[in-house]
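Colleague: Below you'll find the structure I mean.
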Amino acid sequence: MTGKFSLKRLALALALAALLAGPGLDAAQAAPQEFVTLGTGGVTGVYYPVGGAICRLVDKGRRANEHNIRCTVESTGASVFNVNAVRSGDLSLGIVQSDTQFYAYNGIEQFEAAGADKDLRALFSLQSEAFTLVARDDANINSFDDLPDKRMNLGDPGSGNRSTLELLMREYGWTPATFKLATDLKPAEMAGALCDNKIDAYVYVVAHPNGSIQEAANTCSSHVVPVTGPKVEALIAKYDFYPEAVVPGGVYKGTAEDVKTFGPRATLLTNAALSDEVAYEITKAVFANLDEFKKLHPALGGLTPENMLEGNSAPFHPGAVKYFKEVGLMK
């Protein structure tokens, strides 16, 4: 009896010791979980799957016990919404157009009333984007200049789509009254409205290929319209975060040739409140797995470690800088 009792006590003691000692064997497991939320855009756009790709790689590091950061993605109203949510602390990070980042950091354009936010911090740039004008074939829209008196979707209020369009409209001296109809549909609604003949055209500032534009191309007769000319050139000269861009030909039905336009870059933005450790691990998760990251969405195919440091106007977060210096991207 005594021997059996002693063996039971020993087994229980060993089991208890294993339970107590197990977490202590790994610092990452012992640390409390830290949750970060990444704001993206509409579910049919590129921001949402790209945000998912970032979180997927962050979670890969967590599962490997490299850290204890849990990353989740939210579909949002895109750039302007994401800046305001990062600013208020409702989001940890947000994917934001490079122009919107510039305006928010400097407190101009749509952020004039709120003022400059010098606490914003950049982690890195993402895909190049294009100001993409999609029109019905029967609307007789072959250039941006053909839009007056057409039924035009201006975009979701608070989105980068709308802010970029309004900036170009300002160069032209246009207002919403310039159009026969001006709507504020979200990205997920635009292709359906175009093919239901409720609008003649819409703008999507987005990387390619894009689901909404593919939906329009496959469902009804539509095409991508060039956005060029003196007014566009003046805009590019004024704002260096708007380089020329091309929508590749053959990507969408009805658009066989390359289409010239312009556009910003997408960037991953946070603020100074994010810890250096979390910023470092998120940056490392993407850069250390860049080949895998680029395969998670076609829009990411052109990324390099070098061009992912371009297009930011807010200072880099110290955690990101730490990683960049470790791998020789910064001195």
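No value in this document is a laboratory result; all are computed from the given coordinates. Please read all numbers here as calculations on a predicted model, not as lab measurements. So basically every Cβ, Gly included, is an ideal-geometry build from the backbone, and we count neighbours across all protein chains shown.
Colleague: Over segment 130-262, what is the percentage of antiparallel beta bridges among all DSSP beta bridges, to the nearest 5?
Modeller: The antiparallel proportion sits near 75 percent.
Colleague: Right, here's the next one. Kirkwood Rh and Cα-based Rg: tell me the resulting Rg over Rh for segment 224-300, rounded to two decimals.
Modeller: Checking Rg against Rh, the ratio lands at 1.12.
Colleague: Looking only at the chain, where both bridge partners belong to it, what percent of the DSSP beta bridges are antiparallel (to the nearest 5)? Numbers along the way, then the final one.
Modeller: Values: 25 of 39 bridges.
Here the share of antiparallel DSSP bridges comes out near 65 percent.
Colleague: Would you mind checking which residues have amide H under 5 Å from ARG121's amide H? H placed 1.01 Å from N; only 5 or more apart, or other chain.
Modeller: THR270, ASN271, ALA272
Colleague: Could I ask something else about it? So what is the relative contact order of the chain, in percent, for Cα pairs below 8 Å that sit 6 or more residues apart?
Modeller: Contact order relative to length: 23 percent.
Colleague: Which semi-axes, in whole Å and largest first, does the equivalent ellipsoid of the chain have when worked out from the alpha carbon gyration tensor as the square roots of 5 times its eigenvalues?
Modeller: So the equivalent ellipsoid measures 46, 22, 17 Å along its semi-axes.
Colleague: Within 9 Å, Cβ to Cβ, of SER125, how many net charges do the neighbouring residues add up to if Lys/Arg are +1 and Asp/Glu are -1?
Modeller: Every neighbour counted, the sum reads 0.
Colleague: Then there's this: Taking the Cβ of GLU244 as the center, what net charge do the other residues with Cβ under 10 Å away carry, scoring Lys and Arg +1 and Asp and Glu -1?
Modeller: 0
Colleague: Here is a follow-up. What residues qualify as long-range amide H neighbours of PHE262, i.e. H under 5 Å apart, gap of 5 or more or another chain, H built at 1.01 Å from N?
Modeller: Counting only residues 5 or more places away or on other chains, the set is PHE131, ALA245.
Colleague: Also: Any chance you could give the angle, 0 to 90 degrees and rounded to 10, that helix 276-287 forms with the longest Cα principal axis of the chain?
Modeller: Between the helix axis and the principal axis of the chain, the angle is about 70 degrees.
Colleague: Run down the lysines and flag those whose C-alpha is under 20 Å from the C-alpha of LYS295, throwing out any fewer than 8 positions away in its chain.
Modeller: The qualifying lysines are LYS60, LYS284.
Colleague: Enumerate the lysines that LYS260 could reach by cross-link, defined here as Cα to Cα under 21 Å, with residues fewer than 8 away along the same chain left out.
Modeller: LYS260 reaches LYS231, LYS238.
Colleague: When a footprinting reagent is the concern and you count Cβ atoms within 10 Å, what order do TYR172, TYR48, TYR204 take, fewest first?
Modeller: Values: TYR172 16, TYR48 24, TYR204 29.
By the 10 Å Cβ count, ascending, the order reads TYR172, TYR48, TYR204.
Colleague: Rg and Dmax of segment 130-262 over Cα atoms: what are they, in angstrom?
Modeller: 13.4, 38
Colleague: Tell me, in nm to one decimal, what length is gained between GLU257 and ASP240 on full extension, where the rule is 0.36 nm per residue of separation less the Cα-Cα distance?
Modeller: 3.5 nm
Colleague: Here's a follow-up. Cα-based Rg of segment 49-187 per 2.2 N^0.38 Å, rounded to two decimals? Write down the numbers at each step before the final one.
Modeller: Details: Rg = 18.1 Å, N = 139, 2.2 N^0.38 = 14.3 Å.
Dividing the Cα Rg of segment 49-187 by 2.2 N^0.38 Å gives 1.26.
Colleague: If one takes the longest principal axis of the Cα atoms in the chain, at what angle in degrees, from 0 to 90 and to the nearest 10, does the Cα axis of helix 79-88 lie?
Modeller: 40
Colleague: Can you work out ³J(HN,Hα) from phi for every residue in segment 121-130, in order, using Karplus 6.51 cos²θ - 1.76 cosθ + 1.60 and θ = phi - 60°, giving whole Hz and x for Gly and Pro?
Modeller: Couplings: 9, 8, 9, 5, 8, 10, 5, 6, 10, 10 Hz.
Colleague: Now a separate question. Give me ARG63, ARG265, ARG170 ranked fewest to most by other Cβ atoms within 10 Å of their Cβ, as a rough exposure proxy. Don't skip to the answer; put the middle values down first.
Modeller: On the way: ARG63 7, ARG265 24, ARG170 12.
Listing ARG63, ARG265, ARG170 from fewest to most nearby Cβ atoms yields ARG63, ARG170, ARG265.
Colleague: Calculated from DSSP H runs of 4 or more alone, at -39500 (n - 2.57) each and per residue, what is the 222 nm mean residue ellipticity of the chain, nearest 500?
Modeller: -12000 deg cm²/dmol
Colleague: Apply the Debye scattering formula to segment 258-331, with a single equal point scatterer on each alpha-carbon and no solvent, then give log10 I(q)/I(0) at q = 0.15, 0.25 Å⁻¹.
Modeller: Debye output, listed in q order: -0.57, -1.34.
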